[in-house]
Amino acid sequence: MALLHTENLSVTFGGLKAVDDVSMDIHAGQLVGLIGPNGAGKTTFVDGLTGFVPMKGRIVFDGKDLTSSGPHDRARAGMVRTWQSLELFDDLTVTENLRVAAEKSSVVGFLADLVRPNRTKVVQSVEDALRRLELLDVAGRVPGELSQGQRKLVGVARALAASPKLVLMDEPAAGLDTTESRELGHRLRRIVDDGTTVFLIDHDMGLVLGVCDYIYVIEFGRLIAQGTPAQIRSDDKVIAAYLGESARKDVEVAKAALAHSENAGPMQP
């Protein structure tokens, strides 16, 4: 059984169908990517998936039907997300930013804080997240003192501090240079290897193709392709979506020329 299953998930704004009947499966232990051109509906899909915009269709997570659940219930079930704009608390330290996510809002939790404010479980989950993203050395600093790459990692660490089963990351590599993006990829793989499933949305094709186990592609809100990174690289529909119809024709010409040369065999002296 898939950890996450969506069935005909759709999001409509007025007369515009921003996400159109998207069905997909994400299995535990995978790093799954979602790509598509600007305006394809990637973030809107995650908004519908996490309950931040009204959606139609069906969502089953970890064996439970969450279709009618609110954002807080989906997060408590173990489905958490990061945001493009980060939304860090600039007046709190990195550790305090993570504690906000690690705390479970409840009357019991409030009373426990009054008796034992540094509860072991919360502290441990925060330290684990900082360690996994290699942020222990900046734990006492505020976000304004960090580089863009470090702030992005804090956003990811904050999601991990909630001890999720699935993290949906919305463009974590945006604004990063090539070196920072490559390092982010290494850390995402370590997160998956440590047991947390990751759903990655990003425009950095090198990152997505380099680290993901499986990739979905949407255009104009509709799913147009899915497969392994190798399959996605050579998919004509994906090439056309990103580079235009002329690029697809160029690829077809190149493939035909290659096939012809292979069939012709080695050149004779």
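Quick check on residue 123: is it outside any loop (DSSP other than H, G, I, E, B) and at pLDDT below 90? The answer is yes for residue 123. Annotation for segment 144-156: no member residue is at pLDDT below 90, under 21 Å from residue 215 (Cβ atoms) and surrounded by fewer than 18 Cβ atoms within 10 Å (Cβ to Cβ).
In segment 42-77, of all residues being aliphatic (A, V, I, L, M) and under 26 Å from residue 103 (Cβ atoms), the one that is surrounded by the most Cβ atoms within 10 Å (Cβ to Cβ) corresponds to 49. Does any residue of segment 212-222 turn out to be assigned to a helix (DSSP H, G or I) and surrounded by fewer than 16 Cβ atoms within 10 Å (Cβ to Cβ)? No, that holds for no residue.
Listed conditions (1) within 23 Å of residue 27 (Cβ to Cβ); (2) under 12 Å from the mean Cα position of the chain (by Cα) are all met by residue 235, apart from (2). Within segment 166-201, the set of residues being part of a loop (DSSP other than H, G, I, E, B) and within 17 Å of residue 50 (Cβ to Cβ) comprises 171, 172, 196.
Of all residues in segment 3-41, those satisfying the criterion of being over 16 Å from the mean Cα position of the chain (by Cα), among the small types (Gly, Ala, Ser) and at pLDDT 95 or above are 10, 18, 23. With respect to the conditions (1) out of contact with any Leu (no Cβ under 9 Å at 6 or more places or on another chain); (2) modelled with pLDDT under 95; (3) not in a helix (DSSP H, G or I), residue 134 lacks only one, and its number is (1).
Hey, among the residues in segment 78-118 that are aromatic (Phe, Trp, Tyr) and modelled with pLDDT of 85 or more, which one's farthest from residue 26 (Cα to Cα)? So the residue we want is 89.
Of the residues that make up segment 166-173, is at least one surrounded by fewer than 20 Cβ atoms within 10 Å (Cβ to Cβ) and modelled with pLDDT of 90 or more? Yes: segment 166-173 contains one or more residues that are surrounded by fewer than 20 Cβ atoms within 10 Å (Cβ to Cβ) and modelled with pLDDT of 90 or more. Does residue 133 satisfy the condition of being surrounded by 17 or more Cβ atoms within 10 Å (Cβ to Cβ) and either without any contact (Cβ under 8 Å) to a residue 12 or more places away in the chain or within 16 Å of residue 102 (Cα to Cα) (or both)? In short, yes. Of the strands (runs of 3 or more DSSP E) contained entirely in segment 16-108, those carrying at least 2 residues that are assigned by TED's automatic domain parsing to the domain that holds residue 151 and free of Cβ contacts under 8 Å to residues at least 40 places away in the same chain fall at 16-26. Checking 156, 238, 208 one by one, the residue that is outside the structural domain of residue 96 (by TED's automatic domain parsing) and either of a type in the set (D, E, K, R) or not in a strand (DSSP E or B) (or both) is 238 and no other. Candidates in segment 1-15 are the residues that are among the aliphatic types (A, V, I, L, M) and either in contact with a Gly (Cβ under 8 Å, 6 or more places away or on another chain) or not in a strand (DSSP E or B) (or both); of these, the one that is nearest to residue 55 (Cα to Cα) is 11.
The values are calculated or read from the model by the stated rules, or taken from the named source; none is laboratory data. Everything numeric in this text was worked out from a predicted model, so none of it was measured. Backbone-built Cβ (ideal geometry, glycine too); neighbour counts: all protein chains shown.
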